[in-house]
Amino acid sequence: MKTLRRVAVLGAGTMGARIAAHFANAGYPALLLDIVLPDQPDRNAAAKRGIESAQKQRPGGFFTDAAIPLVTPGNFEDHLEQVRECDLVIEAVTENLEIKRALWRKVEALRRADAVVS
């Protein structure tokens, strides 16, 4: 990786949503992915909730409203392939080693060779 252009944050909970917000605050587009919630018509509901939570947090996760659109919500089922476009991939899913390992196996198959993973 020579230049950071786009970040993927895997997990839209408290930590993941704030990480995505802080990259957006610095001007970097961030892809924020999470699971598809059962019984939700919006497949990106979990990631959108994370963004909304970061907006409401005090002090705010977003420094300005202009940073909010830089975070793109998505889900692991429909949007994980977009990690190919990211220079940095940060994992912030639930603290379950089995879930983390399964997700990293998928990411490893998709990410660019020069992408930094964390």
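Add -39500 (n - 2.57) for each DSSP H run of 4 or more in the chain, then divide by its residues: what number comes out at 222 nm, to the nearest 500 deg cm²/dmol?
Only helices count here, giving -10500 deg cm²/dmol.
Calculated FRET efficiency, Asp42 and Glu91, Cβ-Cβ r, R0 22 Å, to nearest 0.05?
The formula returns an efficiency of 0.40 here.
So between Lys2 and Asp65, what do we pick up on full extension, going 0.36 nm a residue minus the alpha carbon distance?
Working it through step by step, the gained length comes to 19.8 nm.
Counting pairs on different chains as well as pairs 8 or more places apart, how many Lys pairs in the chain have Cα atoms under 26 Å apart?
Qualifying lysine pairs in the chain: 4.
For the stretch 16-32 and the stretch 41-81, what is the separation of their C-alpha centers, rounded to whole Å?
9
I'd like the chymotrypsin sites (Phe, Trp or Tyr not before Pro) in the stretch 1-98 restricted to DSSP loop residues with at most 14 other Cβ atoms within 10 Å, sorted by number.
Phe63
For Leu32, what residues show an amide H to amide H distance below 5 Å, using hydrogens built from the backbone and excluding near sequence neighbours?
Those qualifying (amide H under 5 Å, at least 5 residues apart or on another chain) are Val9, Thr72, Gly74.
Please give the contour-minus-distance gain from Ser53 to Glu108: 0.36 nm per residue of separation, less the Cα-Cα distance, rounded to one decimal in nm.
Length gained, Ser53 through Glu108: 16.9 nm.
Let me test this: with uniform point scatterers at the alpha carbons of the chain, what is the Debye-based log₁₀ I(q)/I(0) at q = 0.13, 0.15, 0.23 1/Å?
Normalising to I(0) and taking log10 leaves -0.45, -0.60, -1.33.
Could you list the trypsin sites (Lys or Arg not before Pro) in the stretch 2-37 that lie in coil according to DSSP, counting only those with at most 14 other Cβ atoms within 10 Å of their Cβ?
Listed in order of number, the matching sites are Lys2, Arg5.
Given an 8 Å cut-off on Cα distances and at least 6 residues of separation, report the relative contact order of the chain as a percent.
It rounds to 32 percent for the chain.
FYI, it's all coordinate maths here, none of it is from the lab. If you're wondering where the values come from, they're calculated on a predicted model, not measured in any experiment. A quick note on method: Cβ atoms are made from the backbone with ideal geometry, for glycine too, and the neighbour counts reach across all protein chains shown.
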